[in-house]
1. Per residue, how much accessible area does the stretch 188-272 have with a 1.4 Å probe, in Å²?
2. Compute the signed sum of charges (Lys and Arg +1, Asp and Glu -1) over the other residues within less than 15 Å, Cβ to Cβ, of S183.
3. Could you tell me the ratio Rg/Rh of the stretch 158-277? Both radii from Cα atoms, Rh via Kirkwood.
4. Exactly which GluC sites (Glu not before Pro) in the stretch 142-244 are in a DSSP loop and have at most 15 other Cβ atoms within 10 Å?
5. For K161, which lysines qualify as cross-link partners when the Cα separation must be under 21 Å and same-chain residues fewer than eight apart are set aside?
6. Would you tally the net charge around S308, using a Cβ to Cβ cut-off of less than 12 Å, leaving S308 out, and scoring K and R as +1, D and E as -1?
7. Order 347-355, 194-202 from most to least packed using the mean count of other Cβ atoms within 10 Å.
8. Let me know the Rg and Dmax you get for the stretch 261-365 when you use only its Cα atoms, in Å.
Amino acid sequence: MGTHSPERRRRMMLASAFATILVMTGCTGSPSSPGTAATPNPTATAPTPSSPGSSQGQAGGQGTAGSPQAPELAEKLDVGLQLPWSVVFLPDGTAVVSERDSAQVKAISDGRSTTIGEVAGVVPGGEGGLLGLAVSPTFQNDRWLYAYFTSASDNRIARMKLGEESGGTLSLGEPDVIFSGISKASTHNGGRIRFGPDGFLYVGTGDSQRREQPQDTNALGGKILRLTPEGQPAPGNPFGDNPVFSYGHRNVQGLAWDSEGRLWASEFGPDVDDELNLITPGGNYGWPTVTGAPGRNGLIDAKVVWPSTSEASPSGLEIVGGVAYTGALRGQRLWTVPLDGESAGEPVAYFTGQHGRLRDVARAPDGTLWVVSNNRNPDFALILRVTS
């Protein structure tokens, strides 16, 4: 056969190295190709912003939105929360908080926290437990509080009446399960629920470590679901009489709508490529085939990609005045992303390392932004003033 020339040996070595890289990236999904997301600034500390950059995969580039105005910390409420997961608001401004492991629902009003009740049937473990809350859009008439939680067999959604006793004390009714069968695991349980402008309930689920589910539109894991308030597939869903609204997700953690009614979602990547996605009905967001914004035909690129999950792990999401705010767990900061139509601008970080893991972000009726910490034991709520 003879010996290979030096040039041929060099080509063979390069090919072998490239094959090794392909095998390694196959373990966590194909990450964004070089150049689709800027490298984060690892030296940035609060209040100096740090910027991981937007993906360049979206149509029209980054858009023209500028950097958002810095949020201002108005108050820190040390009210003794234990692993809070979701914060929502009643029409009178009372904050209602879920605690993942205790399965308790807390009320915060006038700077004090009280226990409303404990949700029956919650079986906490790992990332599972009492997770997302949602207030009925017709709460004044029906007084329904919705909860996504992990049971002994699955993840499910129930609704409970919030009673009001004499003196204004709130009480929690028995859970009425309206949707079940979402697979559970120690991680990747999803859990965010929120009513959209159309009056339907949107549900973010995780793949529950079952990587075959996200690409299967007949499975519930790795999806955003769209339900009626009674728990049925909402009319007009893209796959007919099916609750699935979008698929190919890994672990959806935040849902929010912009002023034009567009749905955005924050999502955990594996060890790379956390995402902020613009959601379209029937859209395939790629997991586990790809992550981030690689520009693969038939798959929808993320609008923002954080290449390092140590900078993000984006959780709860809120949009105020054309700016998306998302709490970061591993990243221990608040990310702000200016939105311009269907484009997202450069993310900017605030409060880096100052308040620990930030789990949820929600706008209160008075226009302030609430951010709840996670794993500080006890945890607290930050009240921020932001430009609307």
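The values are calculated or read from the model by the stated rules, or taken from the named source; none is laboratory data. What you see is a predicted model, and the numbers here were worked out from it, not measured in a lab. Heads up, the Cβs are rebuilt from the backbone with ideal geometry, glycines too, and the neighbour counts pull from every protein chain shown. Accessible surface is based on the protein model in full, side chains and every heavy atom, while ligands, DNA and RNA are left aside. Shrake-Rupley method; radii C 1.70, N 1.55, O 1.52, S 1.80 Å.
1. 33 Å²
2. Computed value for this residue: +1.
3. Numbers: Rg = 15.7 Å, Rh = 15.3 Å.
Checking Rg against Rh, the ratio lands at 1.02.
4. Details: sites: E164, E165, E212, E230; in loops: E165, E212, E230.
Counting only loop positions with at most 15 other Cβ atoms within 10 Å, the GluC sites (Glu not before Pro) in the stretch 142-244 are E165, E212, E230.
5. K106
6. Working: positive: R330; negative: D271, D273, D274, E311.
Neighbour charge sum, excluding S308 itself: -3.
7. Highest to lowest by the protection proxy: 347-355, 194-202.
8. 13.3, 42
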